[in-house]
Each structure stands twice: as structure tokens, then as C-alpha cells.
Amino acid sequence: MSKTVPRDQRGSWLLASPWVLILALFWVYPFAYALVLSFADFDIFAGTWRWVGLANFAEVVSSSDFWTAVWHTIVFTVGTVPITTALAILLALALNRRLWGRALFRAGFFVPTLTATVVIALVFMQLYSQGGYLYRLADFIGLPVPERGFLLTESTALLAVMVMDIWVSIGYYALLFLAGLQTIPSELVEDAMMHGASAWQRFWAITWPYLRPTLLYAVVINLIKSFQIFTEIFVMTQGGPLGSTTTAVYHVYVAGFERFRLGYASAAAFLIFAMIAVFALVQFRLLSFGRGAEE
Amino acid sequence: MSQGEHRRRTRGDWIVTAALSVILIGMLFPLLWMVVGSVSPHYDAAWSNPLAKDAAWSNYSDLFRAMPFGHYLWNSAVVAVVVTIGNVLLCFPVGYALARRRFWGRGALHWSAVVVLMVPPYVLIVPMFALIRQLGWYDTLGAITIPALVHPLGVLLVKSAVSSVPIEIEEAARLDGAGPWRIVYQIVMPLCRPTLAVLAVQIFWLTWNSFLFPFILTSDKARTLPVALAMFRGYQGVDRPHLFAAATLATIPVLLVFLFFQRQIIAGLTAGAVKR
Amino acid sequence: MTTNPKLLLRTILRALLLAVPVLLAMTVGCGKKHEQIDSEGRRVIHFWQFWTDPRVKTVVVNAVEEFEKENPLYKVEITDLTWDNGYQKLVAAFAAGEVPDLVELGSDWIAEFADRGALLQLDQECEKMKDKYVGWPPAIWDSNCYALPWYVATRVFFQNDDLAALIMGHTRPHPITWARLLEYAKDSRLSRPKAWGFGVNAAEPHRLYKRFLPFLWAAGGDVLTEDQTACAMETEAGRQALQFIVNLSEGQYVEKQAALDDAFIQGKLLFHFSGDWLYEKLKSSGTSTKYSAFPMPYPAPGQGTQAGFAGGEYLAIPRKAAEPVAAINLARTLLSAKNIFNLCIATGAATPANMEVASNSYFFDDSVRDVFIYQLNEAHSPPAHPRWLEMEDVIEKGVEKALYEKARVEDVLHEMCEGINKILADYEKEKKK
């Protein structure tokens, strides 16, 4: 680090100060607290702490419930992220065309995301139940419907929540992709069309490079959110039936707030965080491969 | 995929329109359910005909009588607007610094944003609660506004957006003698208008629908809509009609915000802001 | 070495920025918590409760205002906890070292809080109230009383009179037995999906076990042994009870409680176990379904009891409360006959915690409420044990397996007892530490 910072590089900290301040004031302490908590046995009623070192982590790692929850979370993430992304891209491409009522479509597809998760969950609960409209629709199409409704049957509950999540998210990600698509200069497209490039060729040569940064961002964000799925489970299935929809964060919640084991919950949360970090890093590398150095 | 170019609508366009319409109806159905259910006169049933004679439109006025719903609406609105504007203004310099500048601690700041995003918030609520109490901010709008003024998501979004802006424009401005702040706000930010719009909508939505921290950090004075919605889940069963009515009311402002910003995106682009 | 003043300033600023969180952290631990004296010099009592439904909240607020009028030196600050997430806030506050003066706790939480030394012993107050109030078992832990009953509830069985007339030829089968119940519920004249014999609870935490336990108790069994040292379900009573629910639930309408209630209101279920809220819903829905209510069935003619399930909401005072004496006074006001009566009307409760109130004609002149009050006398509560919630989970998972996976009843009971005995053993081990 040189003593004299070049003129055009000065004031960087000042530029970054809003985040630095918020971070220092509101996030550092809670994080440190949570971190310390994960190494302790905290009795919330007596208000006493007991240092237990790695015991919490050991307990989390050896808990089959934890790994089952993690597995469910992975299934959920792997099941929703690619599908949501693919459908959202298609939707964005469709919405990018000059169609009649384009604004209406864009708003319409985005509305699910605007509605409170709790309410969506409740509505879907009714639709998924034995006799609910989605249930009847599935039956009508000829899909094998479980006797008790989708959310109350072990084999279909998680799937049902996943479908709901995809439904809610598509519009949101489509919007992100749309913004990316709209940065494509029209001359490029006109040029390509004049040269007789097919739609497929146009997509890969022109659209894809502009879509890529947004895609990267969208996938990583979706991944992080999916890994932390909680509210829907909390409202719709409470982790059941027979624990088939217990996800990682739900497991943390139950441990911390229903069993009062905040130390264990903290340790589990940090392990989950580590997993998210690894997943996200892998995705990041995969998708940014080939691009110029970003940082 | 071109804008501003007037070409005839192709047959492909009509097919796509038809397909989209069908999908749209499918997508909106659950919400229609919600709106229809909001005027149900029965305590728990959700199916009703809004045009029927006994449609309980009074469910909406009930909301305002039973609880200070207007107050909660106001709280949500104030918090969402302030946080959104705050993020739009404050995330830009940060994102710019992270994208363009080399300085000590840059990596750490970037990763801190990623970390904050990734840790399940449940373990943070206990110390957050203690912290807010200590600052004397419990049950104040400040408690849920100020810590949210710079959202890590915003920082990351701006950073990636700024990275894809060509550097020549900035160089030119710098040679003209523009200082960093001018560059950020007058040159880079306008170039990132779509991102700005996306950022605004995203932050607004996140804030409007945010539940956990507002729930833990407020009581009835600074309560926001999502927390108020939770109150409709009674001891036994859910008061669906009123909940759906409240949810419908809670969705409309966000929808309006979105519609408004949608126009901004189009306006910004067709004005040639991104022409190279 | 030339010191660049700008660099120095920058370094100082950076150091300050990093020091801020540290300083903040140090102060958080020792600062004062919530307000003890309000702006008008009155002492503040913090009351945390769950009744957020506006109709019911009004009753609570009125009772609180009554207290404030009689005690002008005090001001009560009510914190609302939602039924779904309320416990999160409770735990967050306790963990942050902040406790209310009076708190509402569910019946199954008291033993746990009491065992961890979080609650004040209220033996004297309980003694005073013993004769006038009901619902004491969940409030007692380790021979001491820790909470006062505020709202008690039980479940009875509802019958669709029209379907009953069709199937049984009459509508008053009292006393009904398990065998008869099975017979009627499986009658082929019930045309699915328009009508079902019985509504079975789907996997719903904190609800499913309430279906199994009453039958266990009615057959003379119990969850734990008298001294609470071992699981007592692997008995003939346990087997009978579990087998009965499995038989009863086969091929019946499975759903969550709220949906089952709806189905009953729409006249689709012949029999359904539910609480007083269903009665309120039936009345307010204006449904044309004709119904009656009956106490729980006997296992067999002349055998067993009509045991039902009892639970409720209680008022407790944390040990670290700042104003325990004032809290007790506030509790007394909330628990007065008048306020309990108002609470019952607002919540639609059919079983007041205060027995004097129960003698009001509002309760015993009503054919349905009357049944509830009778049932409450025959009802049992789950064992008051600090680890009850974990045991409840084991029981629910077991019942789920028996109902949905068609597992053998004996195997399920064995598994449940294994789980419960392990929990008990862990608990004993922890106590020794």
C-alpha cells in the first residue's frame, strides 16, 4: 500500500462509508454475538452462559434431523432454482417483444411477488387441499393425486411447496432479466437480422452475453433465498408431514425458539451459512467463467 | 428484440401473446382467489361471489375500525419509501467504490455484504433486539428504517451494474475535472437506469413485505402491515376474509409503485440513455 | 518519516469506525432495559399477551384500564404476541435479558419455564383461588404452583343431526361407545365425497396428539407413570386407544383442523371432535346444518371414562419481573368473574376458568355450552413436564405413522415409548449436571 494514494483513487472510504457505517453499527455486534453463542450453552431463563467449545457444532453435525433438513433444502434449491431461472428467461424473452398489452403482462406477472408470502401460502393451502381447485385440476389432467391433498402427504408436500415457490418467483426474475435484455443495443439485433442470423444464433451471439451478468446475479440471489426458505414452511406445513418439509432454517428455528437451544441454533445457522457460501461460490465460478476479471 | 423500431407484429407475436395470456390467468388465479375471498361474509370460507348481494365489502371498513389499519399502512409506506430512496442514493457510491476503486478493505467490504445476506436471520434477532433496546429505538420507525438504509443486496446489484458500464465515459469526465461524487451521481447513475429501477422495486418490495425484524423490533406504534397481517391468525383458525382484505390493501401500493417504475425504465431507455 | 496528515486522519477514522461496534457491544450488556417509570411518573407494568384479535383485545384493554383506574400509580404496557410467532418474540426478549412483569403462557409451556427457574412461585395466590377456578394441573410443577388459569378449553364431539337421523334413526345416542362410533362412522349410507363419517386430523403440530390422548385416558391409560419417570403407553389401554383411532380414521376425511371445521359447518361430517370455537363459527356462519354436541364416548358400555382434553392459557410472573406485586394485582383484575365472563363472550369460550361464572345461565342454559362444562370436569391435561413439547412431538410422529403409514400399533407404541424414555433419561442427566 503506497503512502500517497493517486488523486483519482482518494475518498474511496468516503464513498463506501454508508455501508461501512451500517455494517459497523448494526451488523457486527449481532454477528459476533451469534458467533460466540454458537460456542456456548445459553440458558435463556437463568441468563447464564457456559462455554462448550465445539460441542454445539458436534451435536449439529451428528444430528440426523439436521442433515435431513439440509437434504430437503438442497432438494428444494436444486428443484426450484434452475426451473425458475429457465422459465423466467423464457418469460423475459417473451415480454421483451413488442406485444399488445405488454405493460399489462409485465405488471400481471409481477403481482404474485408483490403479495405477502403469508397470504399466498394460505391461498395455496386451500387450493392444494383435498377438493381444492389445484387438486381438482391435477386430478382432471390425470396426475396421480394423493388421497389427502398435496400438503398432507409425505411424498408430495415438499413438491407442492416448490411449485408454489416457482410460481411466485418467476415474475420477479423475469423482471430482472428483462432489465438486462433491454440494455441490448438495437443495432446489433438489426445487423444480425440483416445478415440472416436465425433466432437461435441471435440468442447465443447477442442476447446471451447481455443476459449473463444478470443471470449470474439472479441465480446467486435465488440460491441464497432458496436455501433460507422458511415462511412458506412455517405457514403451510410446519415441517411436516412426518418432517418431510423441514428445511434447514426451519430446523434452526425450532431448535432456537421452540426448544430454547440458542447455542445449537446458532451453530446450525453458521453451518448452513457455510454451505450457502460454498454453493454460491461454485455457482459464481461456473457462471462467470469466461468473463473478464470482475474483481 | 428491438425497441423504438416499428415493425409489423408478426404471427409469432400473436401466438406468444395468446400463450402469455393463458399463463397470466393461471398465475393470477390465486390472487383472484384472495380478492374474491376478501368479501366473503363467512368467517372462514374463502369462496364467494363478489357481485353477490351479501358480499361483505364491510370487511374492508372493518379493518380500519378494528385496528389502526390506516396507521399501519402509513408506517409501512413511510418505511418502504425512506428505505428505498435511501438505498438508491446510498448504494450507488458504495457499489461504485467496490467496482471501480482499489482500496484497503475492499474485499472485506464486498464479502461482508455477501455474508450478511447469507446468514439465517433467526440467530441475529436476539442481539438485534438487545441492540435496538439499548439505543432506545424499540417500537420506533427508526429501528426498522435506519439499519435497512443500505441493503447488501443493493450494494451487490449496483456493483455488478457499475462494472458493466464502459469506463471511457468516466475517464472523459475525470479529465474534465469531475470529482468522484459528481461522477457517481451525475454520470454513472444515469447510465444504470434500468438497474436503478430494479433496485428500487426490489428494495421497496423487500421492505414492504419484511416481517421478522419489524415483528421483533416493534410493538403497536411502529407496526407495519406484514406484522398486522399476522394478527389475523387467531387462537383457532384464520380470519380469512379480513386477512385477505388486508392483504389486498397491502398489495395495491406496491403494484402502483411497480407500474410507475416500469414506465421509468422504458422512458429512460427510449431516451437513448444507453446508446453507445 | 513524514507523516501525511490526511493519512493520519484516515487511520483515526478507520480505528473509530471499528471501535464503534465494540463500544456498542459493551454497553448493550449493562444498559437499562425497558422503561420502569413512564413520562408521567407512573410505574410501568409490562404485560405480554397473545389475544390480538381486535374483539378479544378490547376485553383485555378494558380490564387493563379498570386496573389502572383502581391503581393510578401504575401504567400497564401491553405487548402483543401473535399466536404464530409470539413465542419468537418471547424467547428473544428473555434471551436479551428482558422480562415482562406478567406474561400469558400456554398450558404446555408452564412446566418448562418453571423448571428452568424462570417463573415466580405463586403458591399463596393459587391457594386463594383454588376453590373458585379450574384447570390447575398444568400450572403445578414439582409440587409448586406457577401460573393462574385465565382461559381453559376442552373438546367435545359434535354430531350432524341430519346425518345422524339418517344413519342411526335418532339423534341422541348418548351415551355413545367406541364400537358404536365406529359402526356409525363407517355406515355405507354415508356417500363420499358429500358426506363422511368422521373428520381426521392431518399432521398438524400441537393438534394431532389431542386426538389420541383423550382416548388413551378414557381407556384408563396415561402418558407417563405417576412419578413421571417412565412412559406408560405400552399397555392394553394404549393399544386399544391407538387401534381405535386407526380404525376410526380409515377411509375418512383427512384435513387440518380448520378445514375439518369448515367441512362440518357445511354438513359434510357426521362426527367431529372440536372445541368451542366451532360452536361460535356454526352460529355466525348461518349454516343450515343441524348439530348437537356430546361428551366424549366411553370405550365400552360401563367401562372407562369420558375423558377429554383440557388445555388453555395461563398468567404467570417471571422470577425477574420488576413489579411482581403489581403484576399479581393486575392478574387478579384480569381474572375477576366479570372480566373472565367478558373474555368468554368475546372468544366464544364455553368453559370459563372461573367456576362462579360457569353457573351463569349463558353457559348452562345453552345445550352446547352445557356439554362443554360437563366435559371439562372429565377432562385431563397432558403431564406437566418440562420436556413435554418434545414428548408431544414423539407422540405426534407416532400417531402420524400409525394413521398414514399403516404401521402396526404395537410397534408404534413401542417406538413412542422408546423416544419418551430417552427424553426422560436425558432430562434426568441434565438435572444432575
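Structure data summary
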read-out: Local electrostatic count, residue C:295, Cβ distance below 11 Å [Lys/Arg +1, Asp/Glu -1]; value: -1
read-out: Dipole magnitude (debye, nearest 20) for region B:68-231, charges at Cβ of Lys, Arg, Asp, Glu; value: 220
read-out: Amide hydrogen neighbours beyond the local backbone of residue C:75, cut-off 5 Å, H modeled; value: C:43, C:44, C:45
read-out: Built amide H within the under 5 Å cut-off of residue A:240, gap 5+; value: A:245
read-out: The protein assembly as shown - share of DSSP beta bridges that are antiparallel (%, nearest 5); value: 65
read-out: Helix-only CD estimate at 222 nm, as mean residue ellipticity for chain C, using -39500 (n - 2.57) per DSSP H run (n ≥ 4); value: -15000 deg cm²/dmol
read-out: GNM top mover of C:300, C:337, C:93 - chain C, alpha-carbon springs below 10 Å; value: C:93
read-out: Isotropic mean projected area of the C-alpha convex hull, region A:64-288 (nm²); value: 14.7
read-out: Proximal charge balance of residue C:123 [Cβ under 13 Å; K/R count +1, D/E count -1]; value: -1
read-out: Amide H contacts under 5 Å for residue C:273, placed H, 5+ residues apart; value: C:158, C:199
read-out: Cβ-based exposure ranking for B:231, B:189, in which fewest neighbours within 10 Å come first; value: B:189, B:231
read-out: Farthest toward positive dipole pole in the protein assembly as shown [+1 Lys/Arg, -1 Asp/Glu at C-beta], among A:112, A:196, B:37; value: A:196
read-out: Mean Kyte hydropathy of 0.5 or more with a Cα span along the axis of at least 30 Å, helices from DSSP in chain A; value: A:64-95, A:154-181, A:262-288
read-out: Debye intensity ratio I(q)/I(0), log10, the protein assembly as shown, q values 0.06, 0.09 Å⁻¹ (C-alpha model); value: -0.48, -1.06
read-out: Size of charge dipole - region A:1-147 - debye, nearest 20, with Cβ of Lys, Arg +1 and Asp, Glu -1, no other charges; value: 1100
read-out: ³J(HN,Hα), Karplus 6.51/-1.76/1.60, whole Hz, each residue of region A:38-49, x for Gly, Pro; value: 6, 9, 10, 10, 9, 8, 5, 7, 7, x, 10, 10
read-out: Spherically averaged projected area in nm², based on the convex hull that wraps the Cα atoms of region B:68-231; value: 10.7
read-out: Alpha carbon convex hull of region A:38-126, projected area averaged over orientations, nm²; value: 10.4
read-out: Whole-angstrom gap from region A:42-96 to region C:43-65, using each part's C-alpha centre; value: 37
read-out: Gaussian network model of chain C, springs between alpha carbon atoms under 10 Å - residue of C:297, C:214, C:205 with greatest fluctuation; value: C:205
read-out: Nearest-20 debye value, the protein assembly as shown charge dipole, Cβ charges on Lys, Arg, Asp, Glu; value: 4340
read-out: Values of log10 I(q)/I(0), in the order q = 0.08, 0.09, 0.13 Å⁻¹, for chain C under a Debye, Cα-only, solvent-free model; value: -0.52, -0.64, -1.19
read-out: Neighbour-count order for A:22, B:23, fewest beta carbons within 10 angstrom listed first; value: B:23, A:22
read-out: Estimated vicinal HN-Hα couplings, Hz - region B:89-95 in sequence order (Karplus 6.51, -1.76, 1.60; Gly, Pro = x); value: 6, 8, 6, 5, x, 5, x
read-out: Kyte-Doolittle mean at least -1.0 and Cα axial length at least 18 Å: DSSP H helices in chain C; value: C:5-30, C:54-70, C:236-249, C:388-404, C:409-432
read-out: Table column - 3J(HN,Hα) (Hz), region B:201-206, Karplus curve with 6.51, -1.76, 1.60, x for Gly and Pro; value: 5, 4, 5, 4, 5, 4
read-out: For region C:152-215 versus region C:386-423, the gap between their alpha-carbon centres in whole angstrom; value: 24
read-out: Sequence-separation-based contact order of chain C, relative, with Cα cut under 8 Å and 6+ spacing, percent; value: 24
read-out: Relative contact order, percent, chain A [alpha-carbon distance under 8 Å, six or more residues apart]; value: 27
read-out: Ranking of B:206, C:73, B:31, A:37 by count of other Cβ atoms within 10 Å, fewest first; value: C:73, B:206, B:31, A:37
read-out: Furthest towards positive pole of dipole, C:209, A:257, A:18, structure part the protein assembly as shown, Cβ charges; value: A:18
read-out: GNM top mover of C:97, C:398, C:106 - chain C, alpha-carbon springs below 10 Å; value: C:97
read-out: Cut-off 14 Å between beta-carbons: net charge of the residues surrounding residue B:153, Lys and Arg +1, Asp and Glu -1; value: +2
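Values quoted throughout were computed directly from the atomic coordinates according to the rules given, and no laboratory measurement underlies them. Just so we're clear, the structure is a prediction, and the values are computed from it rather than from any experiment. With ideal geometry, Cβ positions are generated from the backbone for all residues, glycine too; neighbour counts draw on all protein chains shown.
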